[in-house]
Amino acid sequence: MSNRFEQKNNQIFSISDRFYKIVSITIFIAIAVLFFFAVDATGRSSISKQQTSLENALSRDIVQCYAIEGQYPPNIEYLEQHYGLTYDKSTFYVEYIPIAANLYPDVTVILIGDNR
């Protein structure tokens, strides 16, 4: 009977410790890369949802102002002061172009830079 810790010469295939180290490092790197891509995709989705939410809030506040006051707001600052509109000005630029007091203004929300 042989000791289980002795090397057997009749083995056809043996795996070295170096192979296990390389495989474990490769698996760790693959998991880290997948984690990075998942976090990046989540950030992009979040920015897109924030932009949609801001567009909906602007539309709601503009219509509410018209329903209450009988005219559309003259500028975006008016909505911020009187209707509580808040947004991240370092992430989004809101282009607000009033047409007339009784016509819906032209509103565009633009993402600034590459904010992920």
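The values are calculated or read from the model by the stated rules, or taken from the named source; none is laboratory data. All figures in this text were calculated on a predicted structure; none of them were measured in a lab. So basically every Cβ, Gly included, is an ideal-geometry build from the backbone, and we count neighbours across all protein chains shown.
Any chance the stretch 96-106 includes a residue that's within 30 Å of D40 (Cα to Cα) and in contact (Cβ under 8 Å) with a residue 24 or more places away in the chain? Within the stretch 96-106 (the criterion being within 30 Å of D40 (Cα to Cα) and in contact (Cβ under 8 Å) with a residue 24 or more places away in the chain), the answer is no, since none of the residues qualifies.
Yes/no matrix, rows are residues, columns are (1) at pLDDT below 90; (2) out of contact with any strand residue (DSSP E or B) (no Cβ under 7 Å at 6 or more places or on another chain); (3) loosely packed, with under 10 Cβ neighbours inside 10 Å; (4) not acidic (D, E):
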| site | (1), (2), (3), (4) |
| --- | --- |
| M1 | yes, yes, yes, yes |
| K8 | yes, yes, yes, yes |
| G43 | yes, yes, no, yes |
| D61 | no, yes, no, no |
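With respect to L79, determine if the residue is aliphatic (A, V, I, L, M), within 30 Å of L103 (Cβ to Cβ) and at pLDDT 85 or above.
Details: aliphatic (A, V, I, L, M): yes; within 30 Å of L103 (Cβ to Cβ): yes; at pLDDT 85 or above: yes.
When the stated conditions are applied, L79 passes them.
For the stretch 72-95, a residue qualifies if it is surrounded by 13 or more Cβ atoms within 10 Å (Cβ to Cβ) and either over 28 Å from the mean Cα position of the chain (by Cα) or in contact (Cβ under 8 Å) with a residue 24 or more places away in the chain (or both), and the qualifying residues are Y72, P73, P74, Y78, H82, L85, Y87, T91, F92, V94.
Please enumerate the residues belonging to the stretch 42-75 that are hydrophobic (A, V, I, L, M, F, W, C) and out of contact with any helix residue (DSSP H, G or I) (no Cβ under 8 Å at 6 or more places or on another chain).
To start, the set of residues in the stretch 42-75 that are hydrophobic (A, V, I, L, M, F, W, C) comprises 47, 54, 57-58, 62-63, 65, 67-68.
Within the stretch 42-75, I47, L54, A57, V63, A67, I68 meet the criteria.
The set of residues in the stretch 66-87 that are part of a loop (DSSP other than H, G, I, E, B) and either in contact with a Lys or Arg (Cβ under 6 Å, 6 or more places away or on another chain) or small (G, A, S) (or both) comprises G70, G84.
Against the numbered list (1) over 15 Å from N102 (Cα atoms); (2) under 28 Å from the mean Cα position of the chain (by Cα); (3) surrounded by 12 or more Cβ atoms within 10 Å (Cβ to Cβ), K49 comes up short only at (3).
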